[in-house]
Every structure is written in C-alpha cells, then in structure tokens.
Amino acid sequence: MVPRSDPAEMNPRDLTLDELRLALAPRIASAAIFDGWSDAALAAAAGELGIPPETARIAFPGGAMDMIDAWIETIDARMTADLAPERLGNLPIRERIRALVGFRIDAMAGLEEALRRAQAVMAMPGNAIRTARLGWRSADRMWRLAGDSATDFNHYTKRATLASVYAATMLVLVGDESAGKAETRAFLDRRIAGIMRFEKTKARLLKPGADRFSLTRFAGRLRYPAR
C-alpha cells in the first residue's frame, strides 16, 4: 500500500487503519529494543503518536508478526523512495543490489536489538510461511528497483537467491560490532559475488544452442542410463 503522504506527518485522527500501521511501526521497533515485539512496545508507540492503546491494537490483530510486517513494509517504502530506478540505472547490477541491501543495513542502525528480537519471532515454526513471504516481498522490491523485469524462471530464482542472501546478511548484522558494520558489508559483498557467479553459470547452461542444458534430457538419462 502506498500512503497518501508520510503517515508520521499526518494527524493520527485522519489516518486510515493501514496508514496507522505504518505510522506506528517505526515507533514500535524503537520500543522493541527494550520490550520486544509486545503489547508494551505497542502501547509505548501509541503513546508517542497520541492515540489510545486499544485503537493501536486494532491495527495489529496478528500481534508481533503484524508489527514486524509493518516495520519491514516501512523500510521497503523508504528504500523505494530513496533508491528509485533512475538513481540506480547507471550502476552495474551487482552495485545496484549492493546499494539496496546496504540501504537496509543502514536502516537498522541503532535497531539491532529490535531486529534480533524480530528474527526470534520470525524463526518460530508457526511463522515460517509468513516469514518466507516477507523475505520474498523485500527481495522482489529490490530486484524491481534494480531494473529486473524477468517473468520467466529467472524471476523466481533471482528472488529466492536474494531473499536468502538478505536473510543471512541480517543475521550477521545483529552481532556485528565493527565500525560502520564493515564485517556485514564484507559478508554481503562475498554473497553478491556468489549470486553473480550463479547467474553467469545459469545463463551459460540455459543459453540456446547445441550445448544447452536440458532438464528433461538429464532426467531421462537418470532413468535410462546409457549402456
């Protein structure tokens, strides 16, 4: 959802329920450093915004995962506003991805404990499917901002790979005490290099021609080995 304007700058009384979620989410994240993704954090955020806690609770019927979802959505929205395709267009693809994930690293500055607590909630077995969807959503947003318009098999492999790299990077981030998160950025650079190698190998295997890799032919050989 694209808000009419920045919800944080609007009168809380004028906000729709979706806009209220987005206005509360960053405040909940700040409170989650101390209170976790809890009702106490939600009440603290509501107090900052000047609305009754019971009104704020209506915006998050799913509890902690709804709060985390909204927080991630606000980061996605800020990333989209700050790193529009025209701003990234002149960069090589690996630098576009690096800039996009780097933006998210910077967005977590001072909120590492909130992120760690969010990861603990997202890691719960009952939240696995939703967590995967959130990772996919952010990866899809990053690839679109990077200029990717693939609609074939590449669409899915690129997003699945980036979602995995992004999740791993965020796990490194919460324990990174190096200056400027240098260790996290070095980790990201290594993983992006791996993505680029994978994409080149995949393109070579799937290119048209006599040497093109055929999954059907490969499966057939497994079933009927050559004599």
Pairs please, first residue from segment 69-90 and over 15 Å from Gly147 (Cβ atoms), second anywhere and β-branched (Val, Ile, Thr) and surrounded by fewer than 19 Cβ atoms within 10 Å (Cβ to Cβ), Cβ atoms under 9 Å, 6+ apart in sequence or on different chains.
Ala77/Val2
For segment 167-189, give me each residue that is of a type in the set (S, T, N, Q) and in a helix (DSSP H, G or I).
Thr169, Thr184
What residue, among those in segment 95-142 that are of a type in the set (Asp, Glu) and more than 12 Å from the chain's Cα centre (by Cα), is farthest from Glu177 (Cα to Cα)?
Glu95
Failed item in (1) modelled with pLDDT of 95 or more; (2) more than 19 Å from Arg130 (Cβ to Cβ), with Gly63 passing the rest
(2)
Restricting attention to segment 153-189, which residues are at pLDDT below 95 and of a type in the set (Lys, Arg)?
Lys158, Arg159
What are the residues in segment 113-153 that are in a helix (DSSP H, G or I) and among the acidic types (Asp, Glu), if any?
Glu113, Asp140
Among the residues of segment 90-108, is any among the aliphatic types (A, V, I, L, M), more than 23 Å from Met196 (Cβ to Cβ), outside the structural domain of Pro26 (by TED's automatic domain parsing) and at pLDDT 95 or above?
yes
Determine which single condition Ser164 fails, assuming it passes every other condition in (1) surrounded by 13 or more Cβ atoms within 10 Å (Cβ to Cβ); (2) in a loop (DSSP other than H, G, I, E, B).
(2)
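The values are calculated or read from the model by the stated rules, or taken from the named source; none is laboratory data. Keep in mind that what you see is a predicted model, and the values were worked out from it rather than measured. Neighbour counts are summed over all protein chains in view; Cβ atoms, including those assigned to glycine, are modelled from backbone coordinates with ideal geometry.
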